[in-house]
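J.: Below is one structure. I have some questions about it.
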Amino acid sequence: MRPASLSHPTVAALLGVALFAVATMAQTPRPPVPRGEHHRPPAPNPTNLKVLPKTLTGDQVMEIMHGWEGQLGSECDTCHTADPVKKFPNGKPMLNFADDSKKEKETARQMLKMIMEINQTYTKTVESTHDNTDVAKRVTCGTCHRGHLDPPAYVVPKEHEHHD
């Protein structure tokens, strides 16, 4: 089965949002590592990016992924498989980030495409009622998931229920 092709406006929207994400991350200063604390080596560059820009560094991708973990209330192994060969010194298996065998990983990619399209096509046309920043209008994984892997059902508050 051949995947549906994306229209020119959709590709442009995806690229625009991805570039915005990269620019935002590049402007975020990292706090200095205090003396005497262990600094981890840079994360290896990703090898299987299909939605995020291929120009992202390993550290940038890790920062994005850790943000998604919090928004979804999940862990890395939700989408990534354990590597049967590579192990940490403690014997725990490393994750194979390039592997695409988990359906959750493809779901995450589809959800990211949806978020990018919503932000590029729809939310930018809505005037914010909170303030004049784009941040108030930006949709993220956390907008719906609120720290839960499966988004909780929305329940209308009693004071807003319609009674006939």
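Laboratory data are not the source of any read-out in this text; all were calculated from the coordinates shown. Quantities reported herein were computed from a predicted structural model and do not represent experimental measurements. Neighbour counts are summed over all protein chains in view; Cβ atoms, including those assigned to glycine, are modelled from backbone coordinates with ideal geometry.
J.: Report the extension gain between GLN110 and CYS144 in nm, rounded to one decimal, defined as 0.36 nm multiplied by the number of residues separating them, less their alpha carbon distance.
T.: Working it through step by step, the gained length comes to 10.8 nm.
J.: When only Cα pairs under 8 Å and 6 or more residues apart are kept, what is the percent relative contact order across region 54-152?
T.: 32 percent
J.: Going down the table (LYS50/LYS113; LYS50/LYS102; LYS54/LYS87; LYS50/LYS124; LYS50/LYS92), which pairs top 18 Å between alpha carbons?
T.: Checking Cα-Cα distances, LYS54/LYS87; LYS50/LYS124; LYS50/LYS92 exceed 18 Å.
J.: If each residue's Cβ is checked for other Cβ atoms within 10 Å, how do LEU149, LEU72, LEU95 rank with the fewest at the top?
T.: The most exposed by this proxy come first: LEU149, LEU95, LEU72.
J.: Could you tell me the calculated FRET efficiency between VAL126 and MET94, based on Cβ-Cβ distance and R0 = 35 angstrom, to the nearest 0.05?
T.: 0.25
J.: Another question about this same structure. How much net charge surrounds PRO93 when only the other residues with a Cβ under 14 Å from the Cβ of PRO93 are counted, with Lys and Arg +1 and Asp and Glu -1?
T.: Net charge around PRO93: -1.
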